[in-house]
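The structure's right below; bear with me while I get my questions together.
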Amino acid sequence: MGPMSTSSLDPAVAARLKRSPDGLVPAIAQQYDTGEVLMLGWMDDEALHRTLTTGRCTYWSRSRQEYWVKGDTSGHFQYVKSVALDCDADTVLVKVDQVGAACHTGARTCFDDDVLFSDAR
């Protein structure tokens, strides 16, 4: 299938999405109870449909050109708690219950190891 292919996504939702030229929208995964920002992935219409209907995050891998369900390989599943569009309908926020590490490096989040600035007190 792949980006821009036929999808079962609700046409009303599909009509609202503002996609990149390659048919994708960024999807931010956030831990639902702590607010921790875990990772950013990419979804086309079908990946969003699968995420909305299966309760598990499905992304489109730009490097592998295939769908992947978070956790199928690593065991670090993302169980969907809510899905929202931002005000411009060009970004998806998926609140999840993350099991284990979200990052492929094994870190809890993809934003732990390369802090460019911090004013934490």
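Fully extended, how many nm does the chain gain between Glu36 and Arg62 (0.36 nm per residue separation, minus their Cα-Cα distance)?
Working it through step by step, the gained length comes to 6.9 nm.
If I model a spin label as a point 7 Å beyond the Cα along the Cα-Cβ vector, how far apart are those points for Lys81 and Val99 in nm?
1.7 nm
As an exercise, use a Förster radius of 35 Å and the Cβ-Cβ distance of Ala12 and Arg108 to find the FRET efficiency, rounded to the nearest 0.05.
Approximately 0.50, to the nearest 0.05.
Roll a 1.4 Å probe over the protein heavy atoms and report the accessible area of His76 in Å², nearest 10.
Counting only protein heavy atoms, His76 exposes about 60 Å² to solvent.
If you fit an axis through the alpha-carbon atoms of helix 45-54 and take the longest principal axis of the Cα set of the chain, what angle between them do you get, 0 to 90°, nearest 10?
Approximately 70 degrees, to the nearest 10.
Hey, another quick one. Return one whole number: the accessible area per residue of the chain in Å², for a 1.4 Å probe. Walk me through the numbers on the way to the answer.
Details: 7120 Å² over 121 residues.
Spelled out: the 1.4 Å probe surface of the chain, per residue, equals 59 Å².
Taking just the alpha-carbon atoms of the chain, what radius of gyration and Dmax come out, in angstrom?
Computed over the Cα atoms of the chain, radius of gyration and Dmax are 14.4, 49 Å.
Rounded to the nearest 0.05, what FRET efficiency do Asp22 and Ala120 give with R0 = 25 Å and r taken as the Cβ-Cβ distance? Could you check?
0.10
Now a separate question. Would you calculate a helix-derived [θ] at 222 nm for the chain, using -39,500 (n - 2.57) for each DSSP H run of n ≥ 4 and dividing by the full residue count, to the nearest 500?
Calculated from helices alone, the mean residue ellipticity at 222 nm is -3500 deg cm²/dmol.
If eta is 0.890 mPa s and T is 25 °C, what Stokes-Einstein diffusion coefficient results for segment 59-121, Kirkwood Rh from Cα pairs, in µm²/s?
177 µm²/s
The values are calculated or read from the model by the stated rules, or taken from the named source; none is laboratory data. These numbers were taken from a predicted model, which means no experiment stands behind them. Glycine also receives a Cβ, built like all others from the backbone with ideal geometry; neighbour counts cover every protein chain displayed. For accessibility, only protein heavy atoms count, side chains too; no ligands or nucleic acids. Shrake-Rupley method; radii C 1.70, N 1.55, O 1.52, S 1.80 Å.
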